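Since the structure comes first, as structure tokens, the remarks are kept for the end.
The values are calculated or read from the model by the stated rules, or taken from the named source; none is laboratory data. Predicted model, so just to flag it, every value in this text is computed and none were measured. Positions of Cβ are backbone-derived with ideal geometry, glycine not excepted, and every protein chain shown enters the neighbour counts.
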Amino acid sequence: MRIGAMLGELLRHIFRKPATVNYPFVQQPVPQRLRGILRYHPEKCTGCQLCMKDCPSNAIEILTVDKPNKRFIMRFHADRCTYCSQCVVNCRFNCLEMSNEEWERAALRREPFTVMYGREGDLKEFLKKTELEVPQLKL
Amino acid sequence: MTIEQKEKFVIPIGPQHPALKEPAHFEFSVEGETVTSASVRFGYVHRGIEKGAENRNWAQTLYLVERICGICSNIHSTTYALAVEKLAGVEAPPRAQAIRQILVELERIHSHMLWAGVGAHEAGFDTLFMYSWRDRETVMDLLETTTGNRVNYSSNVLGGVKYDFTPQQLEAILKGVDYLEERLHYYMKIVTTDEAFSKRTRGVGHMSTEEADALGVTGPTARASGVTRDMRVDDPYLLYDKFPVTIVLSQEGDLQARFVVRIQELFESIRVIRELAHHMPEGELTVRFPRRIPEGETVLETEAPRGNLFYFIKSDGSDRPYRVKVRTPSLRNFTSVLVGVINHQLADVPMILAGIDPCFSCNDRSVVFRRA
């Protein structure tokens, strides 16, 4: 039986550097498989909506601009997403991926959390059609 | 739950209290400083998960049950995936089973180290708390590199796993567990030889083998009292029949035995991880899984870090579960606290409660008691 059994270890640690990382000023390297925000590449999307079906929190909406020509855009609710990547697994055409660079996504207002993805021309056409329904345009 | 309250002086420890991190309401009847009886009330973090599962399809429920508990999230997700695969008559490929088993054992390491820190913190031994949590960062980093997240790994899909282990990651896992084994030997030495800590844990909260068996205690709490119960040995799932664990027992039955049993279990887990990492089966990661599961019901029990985890899943042939019932180990271990605190000082109560490794968020299902 010893009194202060950890004392030796403690004294040794006086001469070592601290274990904490000074976060905002020092960034640790990010693992490659980190699941940050979702990114959508509309080139191969066929509008099958399998990503929407299995999303646990209904964070993805695939909106149709022109079905026969396969033009789709995605409205992604980053505040609802649980970052589980089930959508990435479901997509058979590799249109989805989770970024490992954009993961510090705190914001002071609600609007930055609704992200619209798509080709430039498709987005413009969709927003023109539904101008009254997209509140963030009225800033 | 009430066990005969006769005395007049009752101390309530309400849902907000500094002793534990989670809300529960306790009432201790005391005589002087000695506790004579106790009762408890839960339900403060009931979230309606079982009800929520009825409105979601099979894949969505997988992510819902993962969030029942933050510490043991992977075993919930693995048990659900195994149970649904059993219902559908599909078996995940061997490489996926091996990856699942490694992640489950890594989670056990993280959970027991977290508990060692919290148990020491309840005794006031903050140094052990800080140092064991610093070393726990090794296993959290390993989990983040392999699955992408520190908790709620979301590594399971119905039919297999999402992420594979590259050879570099397996190397990193082996190096990590080597470091952890060395540190765990040190913590075992501290827990058994430190004079002040032993005074608070030796002989405190003693529970004999017969009592533990009669109260239905499971997990390391039961094994510390000599009850031979471990789901990985009694009914092997995943690859536990090819890479088995040996049951770790202790006959002391007090709080120190619970520390010792948990740390020794981690040595077993590290041994299994090493064996698996050296003999990983080759193959694919997932198998095709149907959208609709045929009608039927199934029961699956696995060994969570806290004890025996029980899932009952019923399907009515559609793409949604009809009923998911979860019974977590912490609920079974609570009666041992109500019996174990009798004739102890009030100051020993937080440690006895911490000794069963309570997880209140796992607990809150609706349970109906009927007096026989």
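The requirement of being in contact with a helix residue (DSSP H, G or I) (Cβ under 8 Å, 6 or more places away or on another chain) and at positive phi is fulfilled somewhere in region B:207-218, by at least one residue.
Within the option set B:Glu107, B:Glu66, being under 18 Å from B:Asn308 (Cα atoms) and within 14 Å of chain A (Cβ to nearest Cβ) holds for one residue only, B:Glu66. Taken over region A:1-48, the criterion of being in contact (Cβ under 8 Å) with a residue 12 or more places away in the chain and over 30 Å from A:Asn94 (Cα atoms) is satisfied by no residue. Count of region B:50-60 residues, restricted to those that are within 8 Å of chain A (Cβ to nearest Cβ) and either under 8 Å from B:Pro321 (Cα atoms) or among the basic types (Lys, Arg) (or both), is 2. Selection of region A:69-96 for residues being more than 14 Å from chain B (Cβ to nearest Cβ) and either modelled with pLDDT under 90 or within 17 Å of A:Val115 (Cα to Cα) (or both) yields A:Asn69, A:Lys70, A:Arg71, A:Phe72, A:Ile73, A:Met74, A:Arg75, A:Phe76, A:His77, A:Ala78, A:Asp79, A:Cys95. Restricting region A:49-68 to residues that are in contact (Cβ under 8 Å) with a residue 40 or more places away in the chain and aliphatic (A, V, I, L, M) leaves a set whose member that is farthest from the other protein chains (Cβ to nearest Cβ) is A:Val65. Return yes when A:Ala5 is aliphatic (A, V, I, L, M), in a loop (DSSP other than H, G, I, E, B) and either closer than 24 Å to B:Gln60 by Cβ or in contact with a helix residue (DSSP H, G or I) (Cβ under 8 Å, 6 or more places away or on another chain) (or both) and no when it is not. The answer is yes for A:Ala5.
Restricting attention to region A:45-81, the residues that are in a loop (DSSP other than H, G, I, E, B) and surrounded by fewer than 18 Cβ atoms within 10 Å (Cβ to Cβ) add up to 13.
For (1) under 30 Å from A:Gly8 (Cα atoms); (2) surrounded by fewer than 17 Cβ atoms within 10 Å (Cβ to Cβ); (3) in contact with a strand residue (DSSP E or B) (Cβ under 6 Å, 6 or more places away or on another chain), each residue gets a yes or a no:
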residue	(1), (2), (3)
B:Glu182	yes, yes, no
B:Met188	yes, no, no
B:Thr221	no, no, no
B:Arg229	no, no, no
B:Val245	no, no, no
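Every listed requirement among (1) more than 10 Å from every other protein chain (Cβ to nearest Cβ); (2) outside any helix (DSSP H, G or I); (3) not polar (S, T, N, Q) is met by B:Arg200 save one, (2).
The listed residues are B:Glu137, B:Glu144, B:Glu122, and the only one of them that is within 9 Å of another protein chain (Cβ to nearest Cβ), of a type outside the set (A, V, I, L, M) and crowded, with 17+ Cβ neighbours inside 10 Å turns out to be B:Glu144. Only one of B:Arg229, B:Arg274, B:Arg288 is in a helix (DSSP H, G or I) and either charged (D, E, K, R) or within 19 Å of the chain's Cα centre (by Cα) (or both). Can you tell me which? Residue meeting the stated conditions: B:Arg274.
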